[in-house]
Amino acid sequence: MHSGDGAIGDGSDHYFTARPASADERRTIRVTLADRDVTVETAGGVFSPGHVDLGTQVLLRTVPSPPASGDLLDLGCGWGPVALTLALSSPDARVWAVDVNERALDLVRRNAERLGAANVVAARPQDVPADVRFATLWSNPPVRIGKEALHDLLATWLPRLADDGDAWLVVGRNLGADPLHRWLATDAPEGAGLGLGVERAASAKGFRVLRVSR
């Protein structure tokens, strides 16, 4: 989950294939999530293991409070800053932390247990039941997997928003935020049948935050 070397892709990058970290590879860091100072586990082989990356910080400062219940999605979760924020903010919701990286999923599970967030479900994309619909989707999507792969990824998950659901995406301005905005606003509904509305919700620190709604 991040702004540059995404966590969901075609399997060619080491972020996509890392095995769970051994005990001596894991380390703890202090971060602030959902207005709480917490300790989490990270490891090499996942994005931004030393801190909450800037794009994710911008996203988390921009989004409104998540729905209190229902199914919530962190698409490309990494070690879990977005999923854990969702879970701590909405303890009665079910939070799906989705990634293809087994190391990332293992870290999310460990961090959820560490923080008492029993409402987190860390899962590979294919393990999320097809009938689940999301009240909200928060993501720092993997733009470096390439435009076509990114479009395919979003065309897979955005239609799974609930009728009144929305998605919040943070993308670097120099990594294609504006072309992605145009695709979502114009080409995507025609080409992918998404039927979505999109607006720029914020712009800060070289990042755009896009809100996508049904």
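Taken together, the values in this text are just the output of simple stated rules run on the coordinates, not laboratory data. Here the structure is a predicted model, which is why all the values come from computation and not from measurement. Neighbour counts are summed over all protein chains in view; Cβ atoms, including those assigned to glycine, are modelled from backbone coordinates with ideal geometry.
Dipole magnitude for the chain: computed about the Cα centre from +1 point charges on Lys and Arg Cβ and -1 point charges on Asp and Glu Cβ, it is near 500 debye. In the chain, the longest principal axis of the Cα atoms and the axis of helix 147-157 are about 80 degrees apart. Exposure proxy ranking for Trp138, Trp183, Trp96, based on other Cβ atoms within 10 angstrom of each Cβ and starting from the fewest, stands as Trp183, Trp96, Trp138.
If both residues of a DSSP beta bridge must be in the stretch 14-213, then about 55% of such bridges are antiparallel.
The length gained by stretching the chain between Glu25 and Asp164 to full extension, at 0.36 nm per residue less their Cα-Cα distance, is 45.8 nm. Sorted on the mean count of surrounding Cβ atoms within 10 Å across their residues, most packed first, peptides 122-128, 175-181 read 175-181, 122-128.
Taking 14 Å as the cut-off, the amide N atoms of the stretch 162-185 that come nearer than this to a point 7 Å along the Cα-to-beta-carbon line of Ser213 belong to 162-168.
Normalising the average separation of contacting C-alpha pairs (under 8 angstrom, six or more residues apart) by the number of residues puts the relative contact order of the chain at 22 percent. Computed from Cα positions, the angle between helix 102-114 and the longest principal axis of the chain comes to roughly 70 degrees. Which one of Leu184, Thr56, Pro67 is farthest out on the positive end of the charge dipole of the chain, using unit charges on Cβ (Lys, Arg +1; Asp, Glu -1) and the Cα centre as origin? After comparing all options, I get Thr56. Once P(r) over Cα pairs in 10 Å bins from 0, in percent is calculated for the structure shown, the corresponding label among (1) 8, 30, 31, 18, 11, 2, 0; (2) 8, 31, 33, 20, 7, 1; (3) 9, 38, 39, 12, 1 turns out to be (3).
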